[in-house]
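Asker: Quick one: the structure is below, and I'll ask about it shortly.
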Amino acid sequence: MQPGARNLITDVAGIKVGNASDPALKSGVSVVLSDAPMTASYAVMGGAPGTRDTDLLEPDKTVAAVDALVLSGGSAFGLDAASGVSECLAKEGRGYKVRSAAVPIVPTAILFDLLNGGNKNWSTNPYAALGRAAFEARSDSFDLGTVGAGYGALCGMMKGGLGSASFELSSGITVGALVAANPVGNLVEPDGKQFWAAPFEVGAEFGGLGVPNPNGPVGLAQSKLGHLVDGANTTLAIVATDAILTKAEAKRLATVSHDGFARAIVPSHLPQDGDLIFAASTGRQSLPEGSLGFAELCHAASICVARAAARGIYEATSEPGDTLPTWANLNR
């Protein structure tokens, strides 16, 4: 396996990502879409998720494909980002066809960033507008770190962020991940430098600092639990591939991809986390015959998730009014 040309989720043919951020709000929205509907499912392993339209992604539900996937800050307010994306899709005539009507299907997951120092005293919910802006900004290239859904994210010890990574497999299939990291736990060892995901790093994509060697036990002391707000912690991801998948296979891909959170975040999947992963397929390449091809895809996706999470924190930048330092601030 090796990263794609961009080392982004957009190395998957047909995938575009759009990000919109509001510096005053200290929040943002990320949207992933393709030029055609995507087979998709999801898996939740955190205890405090916030979602819209995710029930439709279960393998036994009628809707076969989705038009876009959205990650947003703003807690429950951020679910309105899907409304802005839906409006844009409707203008293009996209959506689930019911006779003469077309209803865009836009599953959405949110993270809590309402206590990060930004101005949250809005008179009109800003997230629909951010969703529209993210849709209009869609591209196959985008920035990492303090951007999009990761703009206002915080980890246990430092700022969170938006990260991405990809792999091209020996079969010719591509898989990539987009991660907005805002967990209870940390992506680095207690000294705040080396990343837990380091064994899976490719090159120096998040510093090339080597494998952590923590001094003392790794526990909850340096996590957000010391000043915990229940439901204020979530890591979200979208995994995409060009392999042809059923909804059941997309469900399994999303489930296995959670291993990437466990590899990159310590602790992870706590009751106070809302950890969720969407998995989407653009359906352009057949899986190799036999079970090994799908197994390789699932494993590669989980490693992409771990790498993407670390890259998001590594690339985070300082902004006025920040309540936590960035990784770069702590390691100058």
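The values are calculated or read from the model by the stated rules, or taken from the named source; none is laboratory data. In this text, all values refer to a predicted model and were calculated from it rather than measured experimentally. Cβ sites come from the backbone with ideal geometry, for glycine too, and all protein chains shown count toward neighbours.
Asker: Of the numbered conditions (1) modelled with pLDDT under 85; (2) surrounded by 20 or more Cβ atoms within 10 Å (Cβ to Cβ); (3) of a type in the set (Gly, Ala, Ser), SER291 satisfies every one except a single condition; which is it?
Answerer: (2)
Asker: Picking from GLY160, GLY131, which residue would you name as being buried (at least 20 other Cβ atoms within 10 Å of the Cβ) and under 22 Å from TRP327 (Cα atoms)?
Answerer: GLY160
Asker: Does SER171 fit the bill of being closer than 29 Å to SER286 by Cβ and more than 19 Å from the chain's Cα centre (by Cα)?
Answerer: Considered against the rule, which asks whether it is closer than 29 Å to SER286 by Cβ and more than 19 Å from the chain's Cα centre (by Cα), SER171 comes out as yes.
Asker: Have a look at ILE110, ILE105 and point out the one that is within 15 Å of the chain's Cα centre (by Cα), under 19 Å from ALA81 (Cβ atoms) and among the aliphatic types (A, V, I, L, M).
Answerer: Only one candidate qualifies: ILE110.
Asker: With the condition kept exactly as written, say whether any residue in the range 141-148 is closer than 30 Å to LEU330 by Cβ and outside any loop (DSSP other than H, G, I, E, B).
Answerer: yes
Asker: If a residue must be assigned to a strand (DSSP E or B) and either closer than 19 Å to SER257 by Cα or without any contact (Cβ under 8 Å) to a residue 40 or more places away in the chain (or both), how many such residues does the range 38-71 contain?
Answerer: The total comes to 12.
Asker: To continue, here is another question. Determine, yes or no, whether ALA43 is more than 19 Å from GLY74 (Cβ to Cβ), of a type outside the set (Val, Ile, Thr) and either modelled with pLDDT of 95 or more or within 14 Å of the chain's Cα centre (by Cα) (or both).
Answerer: Here the answer is yes, as ALA43 does meet what is asked.
Asker: Give the range 1-15 a look and list any residue that's of a type in the set (S, T, N, Q) and part of a loop (DSSP other than H, G, I, E, B), or say none.
Answerer: ASN7
Asker: Now for a separate question. Looking for whichever is surrounded by 24 or more Cβ atoms within 10 Å (Cβ to Cβ), at negative phi, part of a helix (DSSP H, G or I) and modelled with pLDDT of 95 or more here; the options are ALA309, ALA316. Which one fits?
Answerer: Criteria check complete, one pass: ALA309.
Asker: Residues in the range 268-276: is at least one under 17 Å from the mean Cα position of the chain (by Cα), buried (at least 24 other Cβ atoms within 10 Å of the Cβ) and assigned to a strand (DSSP E or B)?
Answerer: yes
Asker: If you don't mind, another one. Restricting to the range 233-266, give me the number of residues that are under 18 Å from GLY312 (Cβ atoms) and either modelled with pLDDT under 95 or not β-branched (Val, Ile, Thr) (or both).
Answerer: Result for the range 233-266: 16.
Asker: Quick check on the range 70-98: of everything there that is within 30 Å of LEU115 (Cα to Cα) and β-branched (Val, Ile, Thr), which residue is surrounded by the most Cβ atoms within 10 Å (Cβ to Cβ)?
Answerer: VAL70
Asker: Kindly indicate the residue of the range 113-128 that is in contact (Cβ under 8 Å) with a residue 40 or more places away in the chain and over 21 Å from PRO320 (Cβ atoms) and also surrounded by the most Cβ atoms within 10 Å (Cβ to Cβ) among those meeting that condition.
Answerer: TYR127
Asker: Considering the range 186-211 alone, what residues qualify as being crowded, with 24+ Cβ neighbours inside 10 Å and more than 28 Å from ALA40 (Cα to Cα)?
Answerer: ASN186, VAL188, PHE195, TRP196, PHE206
Asker: Only one residue in GLY283, GLY226 is modelled with pLDDT under 85, out of contact with any Pro (no Cβ under 7 Å at 6 or more places or on another chain) and not in a loop (DSSP other than H, G, I, E, B). Which one?
Answerer: GLY226
Asker: Return a yes/no flag: does the range 16-30 have any residue that is part of a helix (DSSP H, G or I), modelled with pLDDT of 95 or more and not β-branched (Val, Ile, Thr).
Answerer: The answer is no; no qualifying residue exists.
Asker: Need at least 2 residues that are out of contact with any Gly (no Cβ under 8 Å at 6 or more places or on another chain) per element, so show me which strands (runs of 3 or more DSSP E) inside the range 72-123 make the cut, counting only ones lying wholly within it.
Answerer: By residue number, 96-98.
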